[in-house]
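S.K.: Quick one: the structure is below, and I'll ask about it shortly.
The values are calculated or read from the model by the stated rules, or taken from the named source; none is laboratory data. Note that this is a predicted model, so its numbers are computed, not measured. Reconstructed Cβ throughout: ideal geometry from the backbone, glycine too, with neighbour counts over all protein chains shown.
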Amino acid sequence: MTEPVSQKDQQALVGRLMAACGGSYSPGTRRKFFISGPQWAASYQGQALFHAPTRSPVQPAEVIERLAEIGIGWWSTHDTDIVPTDQLMTGRQDEILDGIGIALKRNGVKCSMVTGETFYDPVWAGSPAGEQPEVRAYAKRRLQNVVEMGHKLGAQFIVYWPGTLGYQFQGVVDEARMLERYAEEINAACEKDLAVSRAAATSPMRHCLEAKPFEPQAELLLPTTDAMLTFINSGLLAHPEMVGVNPEYLHELMWGSAPRAALARALLAGKLWHFDVNDGYRLKHDVDIAVGLVNPLDWLNVLMLLRAHDYHGPFNLDFKPPRTTSNYGVFRVSFPSAVDRFITLWEIAGEAISDPIITEATKALEGGAGSVDPTDANVIFEANKELWTLHELIAHRLVQILLGLHRGRTFSG
């Protein structure tokens with residue numbers, strides 16, 4: 001019979017087995033990467049539509065302190081993660097932000113990004129860009145307030161997730177008008193940013209739109225990163241040069257897309273400024289699993305793309321520690337293991353990019369067969385058909401590199 005583990009011994013067991021896993025990086029190494037830990041991820045209590053909480057609340061000061069201990073040098077937050085809705089835009093907000101500023105400075109952590117909650121509160125039931133002028137006026141003020149909070153905390157980025165920008169029933173809203181109204185709210189935030197920046201002689205933040213294919217509305221108006229890019233270039237935004245995108249890996253995966261392809265399109269548009277990293281499953285709901293636990297090979301390919309195109313923006317750990325993980329486990333297992341898997345995959349991606357076999361195969365494909373009749377499809381095919389076999393060879397090599405087989409790792413039969 002398996003021996004029980006007493007309650008007083010369980011944390012020690014988790015800590016010992018986590019150390020035995022190995023493969024961890026020092027806090028100093030982790031801090032070299034532009035990785036941010038969100039307040040909402042660290043303080044997530046395990047609640048959901050069908051789930052009661054399994055963890056106790058964690059306050060911002062403790063989250064910041066724990067991130068610093070792990071070696072995560074950046075922190076991000078929603079406005080209402082740190083300031084209750086009824087205390088926003090009051091003197092109490094200033095007191096809370098002052099306290100957080102002290103915690104950030106004390107722990108050597110910086111605020112990388114702030115985002116506004118425009119999806120949870122009942123006021124957003126019909127979206128922040130619905131018919132009622134008073135709702136839209138409040139939405140503008142809330143977004144302008146997020147800008148003010150970002151400047152006070154020293155954030156470089158502001159993110160917008162318009163999760164309720166859509167509808168439950170067809171024909172109830174005028175989609176074009178709703179998009180126009182939403183643009184007016186983004187314009188108000190950008191204008192506020194410019195005014196605050198001029199007054200303080202600082203740089204404006206980078207404003208990033210985050211897409212999601214579904215949830216919480218039945219139909220969303222900006223469901224994909226491509227839709228966001230089109231919206232930015234629609235002519236509705238007064239300052240399109242201030243607005244980019246914040247793709248989330250799982251949000252692109254959810255609707256069946258290839259996240260790497262969505263990122264490539266954003267890169268080519270010059271609008272990939274921020275990236276939410278996590279993992280999950282295609283055509284499922286938003287499970288927000290930590291990076292690399294479901295699709296490590298796909299993540300390797302994503303990071304190869306970003307390394308090859310010199311992406312230098314933040315990697316925001318937008319995941320939910322599972323309900324089965326304790327408060328202790330969130331900071332002992334969830335966050336450090338997520339960071340370490342990311343760093344390992346990042347380094348493997350660099351190795352794959354410079355791998356001599358992949359390099360030679362890629363050059364051969366790009367070189368083609370040489371001088372053949374460019375008007376004869378059969379001749380072109382016959383001349384290149386052996387080269388195309390290299391596609392599968394490259395895929396095999398990437399798996400070898402991911403599993404360490406290229407270093408001679410084998411298993412006896």
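S.K.: Just for helices (runs of 4 or more DSSP H) wholly inside the stretch 13-132: which have at least 1 residues that are within 23 Å of Thr344 (Cα to Cα), modelled with pLDDT under 95 and not hydroxyl-bearing (Ser, Thr, Tyr)?
M.R.: In the stretch 13-132, there are no helices (runs of 4 or more DSSP H) which contain 1 or more residues that are within 23 Å of Thr344 (Cα to Cα), modelled with pLDDT under 95 and not hydroxyl-bearing (Ser, Thr, Tyr).
S.K.: Got a sec? Which of Leu390, Leu297, Leu317 is touching a residue at least 12 places away in the same chain (Cβ under 8 Å), surrounded by 12 or more Cβ atoms within 10 Å (Cβ to Cβ), of a type in the set (A, V, I, L, M, F, W, C) and not assigned by TED's automatic domain parsing to the domain that holds Ala48?
M.R.: One residue alone meets the criteria, Leu390.
S.K.: Right, another one. Among the listed residues Gln39, Gln11, Gln93, which satisfies the condition of being in contact (Cβ under 8 Å) with a residue 24 or more places away in the chain and not assigned by TED's automatic domain parsing to the domain that holds Pro216?
M.R.: After applying the criteria, what remains is Gln11.
S.K.: Which is touching a Leu at 6+ places or on another chain (Cβ under 7 Å) and either buried (at least 20 other Cβ atoms within 10 Å of the Cβ) or of a type in the set (A, V, I, L, M, F, W, C) (or both), of Ile64, Ile82?
M.R.: On inspection, the qualifying residue turns out to be Ile64.
S.K.: Would you tally the residues in the stretch 225-262 being crowded, with 19+ Cβ neighbours inside 10 Å, more than 13 Å from Tyr160 (Cα to Cα) and among the hydroxyl-bearing types (Ser, Thr, Tyr)?
M.R.: Number of matching residues: 1.
S.K.: For the stretch 269-284, enumerate the residues that are closer than 27 Å to Gly46 by Cα and within 16 Å of the chain's Cα centre (by Cα).
M.R.: Scanning the stretch 269-284 gives His274, Phe275, Asp276, Val277, Asn278, Asp279, Gly280, Tyr281.
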